[in-house]
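In what follows, a structure is listed as structure tokens, so that the remarks can point back to it.
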Amino acid sequence: MFMGKPVIGVTTSSNHLATGGQEPRQLVLNANYVHAIAVAGGIPVVACEECPQVFAELCDGLLMTGGPDVAPSRYGEEPLNDSVKPDPLRDAYEQELLTAYLDTGKPIFGICRGMQFLNVFLGGSLYQDLEEESGWNHRDRGIRHPVITQEGSILRRLFGEEFLVNTIHHQSVKELGRGLKVTARSPQGIIEAYEHESLPIFATQFHPEKLSNSSFDGTTQDFQPIFDYFLKLVREQAQSGR
């Protein structure tokens, strides 16, 4: 906490895919993530792929953001096809960062790739190419599709039983990791959200930051309340001495 506000670590993407890893590494981040954290009353701090243990102690919570594919080798598979494009340096850093965060017991919120990487970190697996393996295209930024939430879940309490979301993902959760439970699915059965059974960890496959506050476009609910919930959870954990 700093000046009474929670400090939230936010992971970054990079220019690895755009340059094939041939140019000097640059870290990039969609400003919607940090804006949603700031509107919720937090202080966003960007993880710069350095000092994971120190960063985990510094920040009161962690937002795992979207980005490229998770390497299939991390869940014991070979790449399915040429569409699977990971960023090995990001995978390696986030592995260290999550190890450090789980030791602290601090809250973690995963979005899109963040949800996928968290699942793999906890022993789960992914559909490497969702369209190839299931026949469903969830990569169209213009699509708004419904999700159905589980009773008692965070999403049910915040947004109701069924609502529309955006969909911008190539991979998705296949086998759940240790301690995770599904809290929302698409009508086709694709896992759209999960929560941990005992730890302050939850995640969404859709991108609420792209449909929140100043980014809200009227095609769905305003999803700022999920960031408000995350900051409330972080405050409670910090005040409890965790």
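FYI, it's all coordinate maths here, none of it is from the lab. Remember, it's a predicted structure, so these values are computed and weren't measured experimentally. Heads up, the Cβs are rebuilt from the backbone with ideal geometry, glycines too, and the neighbour counts pull from every protein chain shown.
Give me the one-decimal nm value for the distance between modelled label points at GLU96 and LEU58, 7 Å along each residue's Cα-to-Cβ direction.
That separation, rounded to one decimal, is 1.4 nm.
Just order 10-22, 204-216 by mean Cβ neighbour count inside 10 Å, highest at the front, would you?
Working: 10-22: 16.2, 204-216: 21.9.
With the highest mean Cβ count within 10 Å placed first, the list reads 204-216, 10-22.
Can you give the FRET efficiency for SER214 and ALA238, using 1/(1 + (r/R0)^6), R0 = 22 Å, r = Cβ-Cβ distance, to the nearest 0.05?
Details: r = 27 Å, r/R0 = 1.22.
Efficiency for this residue pair is about 0.25.
May I ask you to list the lysines whose Cα is less than 20 Å away from that of LYS5, ignoring any residue fewer than eight positions away on the same chain?
LYS5 reaches LYS106, LYS232.
Would you mind telling me the antiparallel percentage of the DSSP bridges in the chain, rounded to 5? Mind showing how you got there, number by number?
Details: 20 of 35 bridges.
The antiparallel proportion sits near 55 percent.
Contact order normalised by length for the range 7-239, with contacts defined as Cα pairs under 8 Å and 6 or more residues apart; what percent is it?
Computed over the range 7-239, the figure is 20 percent.
Please identify every one of the GluC sites (Glu not before Pro) in the range 67-108 that sits in a loop by DSSP and has no more than 15 other beta carbons within 10 Å of its own beta carbon.
GLU77
In a Gaussian network model over the chain where Cα atoms closer than 10 Å are linked, find which of ASP69, ASP217, ASP129 has the largest mean-square fluctuation.
Greatest mean-square fluctuation among the candidates belongs to ASP217.
Relative contact order for the range 175-242 using alpha-carbon pairs under 8 Å, separation at least 6, rounded to a whole percent?
On the way: 64 pairs, mean separation 11.5, N = 68.
About 17 percent, as a whole number.
Where does the chain land at 222 nm, in deg cm²/dmol rounded to the nearest 500, when only DSSP H runs of n ≥ 4 count, each adding -39500 (n - 2.57), divided by all residues?
Numbers: 8 runs with 73 residues, N = 242.
Result for the chain: -8500 deg cm²/dmol, rounded to the nearest 500.
Taking every alpha carbon pair in the chain, what does the distance histogram look like in 10 angstrom bins from 0, in percent?
8, 34, 40, 18, 2
So, in nm, how far is label GLU162 from label ILE148 when the simple model puts each one 7 Å beyond its Cα toward the Cβ?
That separation, rounded to one decimal, is 0.7 nm.
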